[in-house]
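Enquirer: The structure under discussion is supplied below as structure tokens; questions concerning it will follow.
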Amino acid sequence: MKKEKEITTESNILNAAKHVFQRKGMDGARMQEIADEAGINKALLHYYYRSKQLLFEAVFKSAFTLLAPQLNKVLNDDTSLFEKIRNFTNNYISFVIKHPYLPNFIIQEINKNPEFIKNFLSEKEFPNIEKFKKQVADEVKNGIIKPIKAEQLFINILALNLFPFIAAPLLKGFLSINNEDYQQMIEARKTEVADFIINAIKV
């Protein structure tokens, strides 16, 4: 069992790292800056986390363990398919607004360190889409939505939610908008994405 002081110190480090990664990104963040934010010296930071990569992975895992149960609950509750799409989109975008570093980190890690991502597949709360797949198949069979594979629908939902965070600098340039306007647009996507997908599949 970790001592209470060690748990508090580690929690402070993770919170500090999260704030620095949000401001600077993975490449721009410095261990000294994270130590300063946590109110500790750099040597103590390295005692807990030997490298910035290990610290970033710990921050990611901490955030993922908060997001995964939310998404899993949405995918496996007893709401209608359309309500499920709305809840998934709202929960996902709300969460990533609070943790904007996560999407790019996921893409980075998938390409650089796929084993790290694979480790999460065995997590108890990792989102399971089996109930979602059956629900989509039933809705197609009952003529409520157009024929579509659940896997394709799930990819569409993820892609429309994820891309604006990954491509933010590019999209801001294309759209000629500033950060504040872009954030307002992201907030609006909580309903825009769900409406778009529902209108595309409903009969």
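Enquirer: Just to check your reading of the model, which residue among Asn142, Asn128, Asn156 is out of contact with any helix residue (DSSP H, G or I) (no Cβ under 8 Å at 6 or more places or on another chain), without any contact (Cβ under 8 Å) to a residue 60 or more places away in the chain and either small (Gly, Ala, Ser) or closer than 30 Å to Thr79 by Cβ (or both)?
Expert: After ruling out the rest, the residue left standing is Asn142.
Enquirer: Name the residue, out of Thr9, Thr89, Thr79, that is in a helix (DSSP H, G or I), open to solvent by less than 60 Å² (accessible area, probe 1.4 Å), among the polar types (S, T, N, Q) and under 30 Å from Lys202 (Cβ atoms).
Expert: Among Thr9, Thr89, Thr79, only Thr89 is in a helix (DSSP H, G or I), open to solvent by less than 60 Å² (accessible area, probe 1.4 Å), among the polar types (S, T, N, Q) and under 30 Å from Lys202 (Cβ atoms).
Enquirer: Report, by residue number, each residue of the stretch 37-60 that is in a helix (DSSP H, G or I) and in contact (Cβ under 8 Å) with a residue 24 or more places away in the chain.
Expert: Ala38, Leu44, Leu45, Tyr48, Lys52, Leu55, Phe56, Glu57, Ala58, Val59, Phe60
Enquirer: Quick one: which of Leu54, Leu14 is among the hydrophobic types (A, V, I, L, M, F, W, C) and loosely packed, with under 15 Cβ neighbours inside 10 Å? Reasoning before the result, please.
Expert: On the way: Leu14 fails: loosely packed, with under 15 Cβ neighbours inside 10 Å.
Result of the check over Leu54, Leu14: Leu54.
Enquirer: Kindly provide the set of residues from the stretch 74-88 that are in contact with a helix residue (DSSP H, G or I) (Cβ under 6 Å, 6 or more places away or on another chain) and either without any contact (Cβ under 8 Å) to a residue 24 or more places away in the chain or closer than 19 Å to Ala188 by Cβ (or both), ordered by number.
Expert: Hits for the stretch 74-88 are Val74, Phe82, Ile85, Arg86, Asn87, Phe88.
Enquirer: Here's a follow-up. Of the residues Ile198, Ile177, which single one is assigned to a loop (DSSP other than H, G, I, E, B) and more than 18 Å from the chain's Cα centre (by Cα)?
Expert: After ruling out the rest, the residue left standing is Ile177.
Enquirer: Inspect the stretch 103-125 for any residue being open to solvent by less than 50 Å² (accessible area, probe 1.4 Å), in contact with a Phe, Trp or Tyr (Cβ under 8 Å, 6 or more places away or on another chain) and assigned to a loop (DSSP other than H, G, I, E, B) and give the result as yes or no.
Expert: So far as the stretch 103-125 goes, no, none of its residues is open to solvent by less than 50 Å² (accessible area, probe 1.4 Å), in contact with a Phe, Trp or Tyr (Cβ under 8 Å, 6 or more places away or on another chain) and assigned to a loop (DSSP other than H, G, I, E, B).
Enquirer: Quick check: is even one residue across the stretch 137-154 outside any helix (DSSP H, G or I), closer than 24 Å to Pro69 by Cβ, within 20 Å of the chain's Cα centre (by Cα) and not polar (S, T, N, Q)?
Expert: No, because not a single residue in the stretch 137-154 is outside any helix (DSSP H, G or I), closer than 24 Å to Pro69 by Cβ, within 20 Å of the chain's Cα centre (by Cα) and not polar (S, T, N, Q).
The values are calculated or read from the model by the stated rules, or taken from the named source; none is laboratory data. Just so it is clear, the structure is predicted and the values come from calculations on it, not from any experiment. For neighbour counting, all protein chains shown are included, and Cβ atoms are generated from backbone atoms with ideal geometry for every residue, glycine included. Remember, those area values only see protein heavy atoms, side chains included, never the ligands or the DNA or RNA. Shrake-Rupley method; radii C 1.70, N 1.55, O 1.52, S 1.80 Å.
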